[in-house]
Amino acid sequence: MCESAALVRAMVEIDGAQQSGSGTIVRYAVALAALLGQPLHLFNARARRDPPGLRPQHLAAVRACAELCGATTTDLDVGSREFGFVPGGRIKGGAFAWDIGTAGSTTMLALSIMPLACFADAPITARITGGVFHDFAPSPHHLQHVLAPMLRRMGVALELRVLRAGYVPRGAGLLELQASPAQGPLRALTLTEQGQIREVAGIAFASHLAQRRVSERMAAACEQRLAQAGLAPAIQRVEDSAALHSGASLAVWATTSTECRLGADRVGALRRRAEAIGRWVAEALLADLGTGATVDRHLGDQLVLFAALAEGTSHYRVPMQTAHLHSNLWLVSQFGVQGSCHAQQVAIEGLGLRR
């Protein structure tokens, strides 16, 4: 629980069926409740997903937030469609280990606790076991090379490392998050001009696929398409043998003269050719860059919570308005934050939260 100019302790009622109806509403509602010291009652959890209700990865995220702030919870179980979360005291730092118990996304759990880490009373080191590379979840390389630099601009030092890759269905990957809290309120972000592209980098990561040259094929196809667009990407090829089974992921990101970061990524899957992955990632990055956006389609929604907590008004331009962007803007409004997206321009008036 942190100080705020307008700290409200009334119970917050969140309908999880609103907007995207996804697990993102669950994870971020709990993070906001923990930071603002507001008791939370969330119902219709993941109502638009099949099956509805909480899955192991959502339970792990809620329990991690509860451990960090000393919260008490009620009705928290696999399949629960509603639960209660009552924050305790300050956000504590230290060393933590959380095991999702399935191949559920470690990066989504990391995203859940990052806002709390910004305001902890000491640095946090967390090791999270589960799936590391996922469809429909951010790549750890995107979080490290795209989101983390933006958070450093806001005043938070954050690093992620893949200690062991993990894929669906067996998981068993290991992700490490290290974060040092901000010394004061988070600084608002002003990203109004994309600027000139100065660098394009990336990581082509493949486990137990060296004989099929998957990392090389993904990287080469991506580099070829980006070169056709006049860019000179440098993509690192990584051949891994530590994962329990085979899998692959490609992530690329562009850095501009105005210090914007835009990225794109995709994981391997059965019957998804390495060359197709490379071309898809290149096209996604080029599409977002081509709009003049200052953030990519995923960073746009990831930044909403941090901007909501910052001091001042954040401004950035998204390449498209996604369901997750609208969901996150709606969610922060339930906690008193004013935010909008008009003509691809996002504006969020932060709460100016302090430790």
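Each reported figure results from applying straightforward, stated rules to the coordinates on display, with no laboratory input. Worth saying up front: this structure is predicted, and the values here are computed from it rather than measured. With ideal geometry, Cβ positions are generated from the backbone for all residues, glycine too; neighbour counts draw on all protein chains shown.
With axes computed from alpha carbons, what is the tilt in degrees of helix 323-333 against the longest principal axis of the chain, rounded to the nearest 10 within 0 to 90?
Approximately 20 degrees, to the nearest 10.
Taking square-rooted eigenvalues a ≥ b ≥ c of the alpha carbon gyration tensor, is the stretch 42-186 rounded, prolate or oblate, where a/c under 1.5 means rounded and, failing that, a/b exceeding b/c means prolate?
Since a/c reaches 1.5 but b/c is at least a/b, the shape of the stretch 42-186 is classed as oblate.
Of the beta bridges DSSP finds with both residues in the chain, what % are antiparallel, to the nearest 5?
70 percent
Looking only at ARG90, ARG127, ARG198, which one moves most when the chain is put into a Gaussian network model with springs between Cα atoms under 10 Å?
The residue with the greatest mean-square fluctuation here is ARG198.
So what's the net charge close to GLY101: Lys and Arg +1, Asp and Glu -1, counting the other residues with Cβ under 14 Å from its Cβ?
Value of the local net charge: +1.
Could you list HIS141, HIS342 in order of exposure, starting from the residue whose Cβ has the fewest other Cβ atoms within 10 Å?
Taking fewest neighbouring Cβ atoms as first place, the list is HIS342, HIS141.
Would you look at the GNM of the chain, springs on alpha carbons closer than 10 Å, and say which of ALA234, ALA219, ALA103 moves the most?
Between ALA234, ALA219, ALA103, it is ALA234 that shows the largest mean-square fluctuation.
Order these by the 10 Å Cβ neighbour count, fewest first: THR294, THR255, THR129, THR190.
Sorted ascending by nearby Cβ count, the order is THR190, THR255, THR129, THR294.
Could you tell me what fraction of 2.2 N^0.38 Å the Cα radius of gyration of the chain comes to, as a two-decimal ratio?
0.95
Rounded to the nearest 0.05, what FRET efficiency is calculated for ASP75 and ARG273 with R0 set to 45 Å and r the Cβ-Cβ distance?
The formula returns an efficiency of 0.50 here.
Pick from ALA137, ALA47, ALA97: which is most flexible by mean-square fluctuation in a GNM of the chain where alpha carbon atoms under 10 Å apart are linked?
Per the Cα network of the chain with a 10 Å cutoff, ALA97 tops the list.
Take every Cα pair under 8 Å in the chain that's 6+ residues apart, average their separations, divide by the length, and report that relative contact order as a whole percent.
15 percent
Can you give me the angle between helix 299-309 and the longest principal axis of the chain, using Cα atoms only, in degrees from 0 to 90, rounded to the nearest 10?
The two axes meet at around 30 degrees.
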